[in-house]
Amino acid sequence: MPERIYLDHAATMPLRPEARAAMEEGFAQWANPSSPHAAGRKARSLLEDARDRLREAVGWDGEVIFTSGASEAAALALQNANARARLVSTVEHDCMLQAAPDAERLPVRSDGALDLEVLSEAVQRERPLVAVQQVNSETGNRQDLSAIAGIVHQAGGLLLADCAQGAGKMPLPPCDMAIVSAHKFGGPIGVGALLVKDYAMLAPSGGQERGYRRGTENTPGALGMVAALEALGEPFLDPHILAPLNELAEHCRTLGGTWLSDRLSDPTPYIRAMAMPDMSATAQVMRLDMAGIAVSQGSACSSGTMKTSRVLEAMQVEPEIAANTIRVSVGWNTTRAEVERFCEVWRDLAKG
């Protein structure tokens, strides 16, 4: 059997060798960065160096709070922000919705873009915090965060951008807080950061990280995250690697399928969603897995019952298309041959 092909990088990318080497350096200085002894001071020095390098790598001129990942960063921002109201788009990651269950939900249009007219009305209250993703992990659609930031800031609000899928692959958007997750760009699992323009935007909770996070900092993880960021190239992926997916789009349309990027306001090249005619997403994932290809599905199966994806439902995608939608995402180590192999197998399945 040929080597397996992993095309589920929007979930977790393989660890970059540069990140592994940096983590080994951190493990060699195994100590609590808050300890006053020599080993603790050395660990603190490494951690602060990683903080400075992260700022430089993503072009951030504010503060950096290391976390255990995007979920903790989301909870920290949404629950501790000095804001009167919370507004969250309907297509945000589950961790955002769970961190602010009582937040007002902002609708998106059928092309996946946030409805700016609704946003303009919703922000007319005292100092709201608006949470919007940079890139949707399921469809690959980018939000117009420059326009969104203008509306939010004009109303005196704060903008929290979930940049888990965008950091390291594109510039950070104009925002007051940003969420970064290491394993989305080839860093280690279990580490991330909340970037904050000013600590005054958050209420401190005590503990480490300048008093804004409880728990010992993960120095090896922070070093690995920064090393992975610094190793990313510009552009993130060579267009030559992605070219077969563009060709597959035409085959998808010809065969009666739906290429979801056709419907999006601003699709990214490295996350694609597509619906195969007459085959459920679950069946596709299983058949592709048998062929040695790992992808994810755009609709979830729970307790044996197909449920329409919350994101696709918010975009008003037809249920029969949503039920047949899978997601393909590529990463730093994806090769053109791997993409070509997926396209070949997908076409064969679609032709029956």
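Which one of Pro188, Pro319, Pro267 has the biggest mean-square fluctuation once the chain is modelled by GNM with Cα springs under 10 Å? In this elastic network of the chain, the residue with the biggest mean-square fluctuation among Pro188, Pro319, Pro267 is Pro319. Using the alpha-carbon positions of region 235-352, Rg (one decimal) and Dmax (whole number) come out as 13.7, 41 Å. Computed over protein heavy atoms with a 1.4 Å probe, the carbon and sulfur contribution to the accessible area of the chain reaches 49%. Report summary: the helix-based calculation at 222 nm, which adds -39500 (n - 2.57) for every DSSP H run with n ≥ 4 and divides by the residues of the chain, gives -11000 deg cm²/dmol. What region 134-216 shows is 30 Å² of accessible area per residue, with the surface traced by a 1.4 Å probe over protein heavy atoms. Less than 5 angstrom separates the built amide H of Gln297 from those of Arg327, all sequence-distant by 5 or more or on a different chain. Note on Rg and Dmax of the Cα atoms in Å: of the candidates (i) 19.0, 58; (ii) 24.6, 71; (iii) 20.8, 67, the value calculated from this structure sits at (iii).
Spatial offset of region 227-268 relative to region 63-91 amounts to 29 Å, using the alpha carbon center of each. Within the listed set Ala275, Ala131, Ala11, the Gaussian network model of the chain (springs between alpha-carbon atoms below 10 Å) gives the highest mean-square fluctuation for Ala11. Along region 173-186 the Karplus relation, 6.51 cos²θ - 1.76 cosθ + 1.60 evaluated at θ = phi - 60°, assigns HN-Hα couplings of x, x, 7, 9, 9, 9, 9, 10, 10, 4, 6, 7, 10, x Hz to successive residues, with x for each Gly and Pro. Using a probe of 1.4 Å on the protein chains alone, the accessible area found for His153 is around 80 Å².
The values are calculated or read from the model by the stated rules, or taken from the named source; none is laboratory data. Because the structure is a prediction, the values reported are computed rather than measured. Heavy atoms of the whole protein, side chains included, go into the accessibility calculation; ligands, DNA and RNA do not. Shrake-Rupley method; radii C 1.70, N 1.55, O 1.52, S 1.80 Å.
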